[in-house]
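Inspection log for the structure reproduced underneath, given as structure tokens.
The values are calculated or read from the model by the stated rules, or taken from the named source; none is laboratory data. Remember, predicted model here, so these are calculated numbers, not experimental data. Methodologically, a virtual Cβ is constructed for each residue, glycine included, from the backbone with ideal geometry; neighbour enumeration extends over all protein chains shown. To get the accessible areas, we keep the full protein, side chains included, count just its heavy atoms, and leave off ligands, DNA and RNA. Shrake-Rupley method; radii C 1.70, N 1.55, O 1.52, S 1.80 Å.
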Amino acid sequence: MSDSQSRSPISSSSSSSATDQNVSRSQRSGDGGQTLASGSSRHWRDIFWLAVFMLHMVLLGFGLTVLGLNRFQKKDRLNIDKYAAGITEHHEGLTEDYWPMYAVAGGVGTALGCAWLLLLGSRANQMMKFTVHILTTYLAVISVLCFWGEQFFWGVVFAIGAALQFLYIISVIDRLPFTMLVLQKSVKMVWSLPEVMRVAYAFMFVMLLWMGLWSFGAAGVVASSLGESGCWWLLVVLSVSLFWTGAVLCNTVHVIVSGMVFLVLIHGGREASSIPPNSLIKSLQYAVTTSFGSICYGSLFTAAIRTLRWEIRGVRSKIGNNECLLCCVDFLFHLVETLVRFFNKYAYVQIAVYGKSFNHSARDAWELFQSTGVEALVAYDCSGAVLLMGTLMGGLVTGTCTGVWTWFESRDRVSMVGSTAMLMGMVLRIHC
């Protein structure tokens, strides 16, 4: 899970370097958070969002099953009717027509994710440079292919994406060497903890199981006779659900890794005798029980706010002397900065170490950065954006492979299958 695992040690290092200060702040705040090292029991946090997520999973699981089976039932009825009436024409639009395409997407996404994880451990710097420079070209090529296939909307989308990616790289190119150094150190730290790598693979397997059911329902939607607009609306709902579920599992691993890195740093090394026994099990237990509601809550908003912040910051650095435009962008920037104070990825480290609620964790993490002067380094670091580029690249390759097959089988469903397959590839990539 590259994004989570690579950034967690960075945040954990910041937290552990100011442990005494943060402990006293936690005690003064009255939140009642207990450090992971103390071994004390914790209170359940953000229970409402835990209930919402679990209810969403149950209802969606039932809905996906119905959507997929609906097309199988229609197939059986059609076969009976055709036999009785002597009808021999071929019928298209069944779940099994599209489910194998999603199976290919799952296989390609898993293979890319595992390859990324392995290469990241041995060739981190080369992998990051390759991802940064190839993404713009790949987006431009996909845009041309979409225009050639008369998919004009997606051609424009990918062309805009290529332009934004190019402008962003230009705006942060002087910060990339520092970012590569941060990523190298982070990857080295995580690879020194082989047990967390096994956790990443285990969560990827869980995501694959859920994705099997999700793709079964999505194939049923694509095969349905609801009309193009009805199918798209259903796929958008399913995509939002898949993104939330993937983010929850990703950030759960983030919390587990952060807890482990915190224990290693605060005890002076992995081999230290003072490290509590079964520390990985304890970190895993907290992540999937008392802190799971906070993870569900943060996963719903953090990624979107973080991406918006990156884009606004890149535009802001290249405006120049246009004071009117600068004033508008500054207003948006300060608005997003206010949101970041309560929704930021560093909250997951506080959740792992202290077991606080998500908003309380985000606020304390941001105040800690401001009080220690680390905020400038955090703002200069682009590791999250670089890892997002890797995620987009994995999704694009997955969507391309699936889209090419769909083009030969059912051209009118290329955009539906290709876009949802791309999302599957991205979700699987962020679990590596």
Item to complete: Express in whole angstrom the spacing between the alpha-carbon centres of region 228-285 and region 132-206.
Response: 20 Å
Worksheet entry | J(HN,Hα) series, region 156-163, from Karplus relation 6.51 cos²θ - 1.76 cosθ + 1.60, nearest Hz, glycine and proline x | 5, 4, 6, 5, 4, x, 5, 5
Discussion item. Once you place label points 7 Å from the Cα toward the Cβ at V240 and C114, how far apart are they in nm?
Written reply: 3.5 nm
Worksheet item: Which order do peptides 404-415, 181-192 fall in by mean Cβ count within 10 Å, highest first?
Response: 181-192, 404-415
Worksheet item: How long is the gain from S192 to E409 if the chain were fully straight, where each residue apart is worth 0.36 nm and the alpha carbon distance is subtracted?
Response: 73.5 nm
Item to complete: Give the carbon-plus-sulfur fraction of the accessible surface of region 92-179 in %, rounded to a whole number; probe 1.4 Å, heavy atoms of protein chains only.
Response: 76 percent
Discussion item. Quick check: residue separation of T137 and R175 times 0.36 nm, minus the Cα distance between them. What number comes out in nm?
Written reply: 11.6 nm
Item to complete: Give, in nm to one decimal, the length gained when the segment between S274 and E96 is fully stretched (0.36 nm per residue of separation minus the Cα-Cα distance).
Response: 58.6 nm
Practice prompt. Could I have the simple spin-label model distance between E228 and V206, label points 7 Å from Cα toward Cβ, reported in nm to one decimal?
Written response: 4.0 nm
Item to complete: With a 10 Å radius around each residue's Cβ, average the other Cβ atoms per peptide and rank 135-145, 151-161, highest first.
Response: 135-145, 151-161
Discussion item. Given a Förster distance of 35 Å, report the FRET efficiency between V52 and S371 from their Cβ-Cβ distance, rounded to the nearest 0.05.
Written reply: 0.55
Discussion item. Please state the shape class of region 146-237: rounded when a/c is under 1.5, otherwise prolate if a/b exceeds b/c and oblate if not, all from the C-alpha gyration tensor.
Written reply: oblate
Item to complete: Please sort 267-277, 344-354 by packing, taking for each peptide the average over its residues of neighbouring beta carbons within 10 angstrom, highest first.
Response: 344-354, 267-277
Worksheet item: Does region 212-285 classify as rounded, prolate or oblate by the C-alpha gyration tensor (a ≥ b ≥ c root eigenvalues; a/c under 1.5 gives rounded; else a/b over b/c gives prolate, otherwise oblate)?
Response: prolate
Practice prompt. Convert each backbone phi in region 176-182 into a coupling constant with the Karplus relation 6.51 cos²θ - 1.76 cosθ + 1.60 (shift: θ = phi - 60°), then list the ³J(HN,Hα) values in order as whole Hz, x for Gly and Pro.
Written response: 5, x, 5, 4, 4, 5, 4
